[in-house]
Amino acid sequence: MSVALEMMSYHSSCGEDELGLLSREEVPNQLAGVDNYYFCPIFLEDMDKVRHAIYMFVDLFGLSRFEKDNLIRFTLTVKKNYRRVPYHNWTHGFSVANSMYTIIKHAPKAFRPLECLALFIGSLCHDLDHRGKNNKFMLETESPLAAIYTTSTLEHHHFNQTVTILQQEGHNIFGKLTSTEYKQVLGNIKHCILATDLALFFPNKARLIKLVEDKLFEWENPDHRLLIEAIAMTACDLCASAKPWDVQVETVKVIFEEFYEQGDAEKAVGKKPIPMMDRTRTDDQAESQVGFLSGICIPCYELLHKLIPDTEPLLNGCKENLQRWKQIAEDKKKEASKIKEEDGEETDTGIEEVNEEEEGEETIEEIDDECVDGKNDAGKEDDT
Ligand SMILES: [Zn+2]
């Protein structure tokens, strides 16, 4: 190992003190509420999220084929390799894994054991080393990462980070799998992580809907299984949109903070950010959420619900949040038109025309393009 690589691996892997602390602890037999679709990870301490992640792993896969210390080291190092950005951080990675765990628990027959392993670990790692900027930004700022991967730039990087962690000493949680199983799981993890690019969600969704409508979907067909896995990954990635209202609101705050930070960075180099990323446009948040939930999240949960009916709480939670955002957006509109009317009495109505044009600026397509996870791709391809 080169000196640089050795140093990097030291600084990016977990500390011995954290490892010692967790290895002395017993993995609990039960954790209340963790398999509830409305479980709220944002209220857990970071180390408790590590404990919960280990519990979920052991609950799903047992320890007979996995080393406990490797599992702890791996999970701690994953935590460390999420950056302290407002949204795409350890809390988000953990939340997505928790949602996947919940789906697997409620629909234990949907996926096979090795697929579950890939789905769960893929979810936990799916945004590793995210920098809080989307694919479009990475391309436009000529980030070295975008030079390596021109499509799904970030997602390829998240997968590479996963492999890098697995390769560190004492981190290979798949060490006891046969080489065939190892290859299968790793290939499947790659598929799962890349599927979190919303650029792939739209074509995946279209293909899967067509299969379902034509009654051609078969659970036994490997290609169809990959499609449903991809939709399940997106569903979990968007899980904040299905959580209880207080969690939804808190999450939307940090999502927009991350968007605005990208908008600031764009302004700093003389570019005009899209309205959703412009921090002077906070009044547009509710409308933007309406577009995002109704244009992306609900269709995703409806499709998942069709194929895995036990995921209904995700669809219901998202519908409830959509109603709330609609109400807020409606109120904002009324408020704005009241102000316009008042202004109109004193000034010329020319202002109104300008404002109306502006309102039309943010279309659903635009929200699709730059949506929640905010990773975007070249051309019209985007993601979460
Ligand atoms: Zn994500």
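A compact table of results
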quantity: Some residue of the stretch 256-271 being acidic (Asp, Glu), under 16 Å from Ser123 (Cβ atoms), at pLDDT 95 or above and surrounded by 22 or more Cβ atoms within 10 Å (Cβ to Cβ); calculated: no
quantity: Residue, nearest to the ligand (Cβ to nearest atom), within the stretch 193-203, restricted to residues that are of a type outside the set (Asp, Glu) and surrounded by 21 or more Cβ atoms within 10 Å (Cβ to Cβ); calculated: Thr196
quantity: Qualifying residue in the stretch 53-70 (condition: assigned to a helix (DSSP H, G or I), modelled with pLDDT of 95 or more and within 26 Å of Thr151 (Cβ to Cβ)); calculated: no
quantity: Residues of the stretch 124-145 classified as at pLDDT 95 or above and assigned to a helix (DSSP H, G or I), total; calculated: 2
quantity: Residue in the stretch 150-162 that is assigned to a loop (DSSP other than H, G, I, E, B) and more than 14 Å from the ligand (Cβ to nearest atom) present; calculated: yes
quantity: Exclusive hit being touching a Gly at 6+ places or on another chain (Cβ under 6 Å), closer than 30 Å to Pro273 by Cβ and either free of Cβ contacts under 8 Å to residues at least 12 places away in the same chain or hydroxyl-bearing (Ser, Thr, Tyr) (or both), set Tyr82, Tyr87; calculated: Tyr82
quantity: Where Arg324 falls short, out of the listed (1) without any contact (Cβ under 8 Å) to a residue 24 or more places away in the chain; (2) assigned to a helix (DSSP H, G or I); calculated: (1)
quantity: Residue that is nearest to the chain's Cα centre (by Cα), among those in the stretch 212-230 that are loosely packed, with under 10 Cβ neighbours inside 10 Å and outside any helix (DSSP H, G or I); calculated: Glu220
quantity: Residue within the stretch 274-292 that is within 16 Å of the ligand (Cβ to nearest atom), within 22 Å of the chain's Cα centre (by Cα) and modelled with pLDDT of 95 or more present; calculated: yes
quantity: Residues being surrounded by fewer than 24 Cβ atoms within 10 Å (Cβ to Cβ), within 16 Å of the ligand (Cβ to nearest atom) and in a loop (DSSP other than H, G, I, E, B) - total across the stretch 74-121; calculated: 8
quantity: Selected residue [surrounded by fewer than 21 Cβ atoms within 10 Å (Cβ to Cβ), over 30 Å from Asn221 (Cβ atoms) and touching a helix residue (DSSP H, G or I) at 6+ places or on another chain (Cβ under 8 Å)] from Glu6, Glu67, Glu18, Glu26; calculated: Glu18
quantity: Candidate set: the stretch 173-192, residues that are of a type in the set (A, V, I, L, M, F, W, C) and more than 21 Å from Thr153 (Cα to Cα); chosen: the one surrounded by the most Cβ atoms within 10 Å (Cβ to Cβ); calculated: Ile173
quantity: Whichever residue in the stretch 146-159 is hydrophobic (A, V, I, L, M, F, W, C) and modelled with pLDDT under 90 and, among such residues, is nearest to Cys192 (Cα to Cα); calculated: Ile148
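The values are calculated or read from the model by the stated rules, or taken from the named source; none is laboratory data. Note that the coordinates shown come from a computational prediction; the quantities given were computed from them, not determined experimentally. Please note: Cβ atoms are built from the backbone with ideal geometry, for glycine as well, and neighbour counts cover all protein chains shown.
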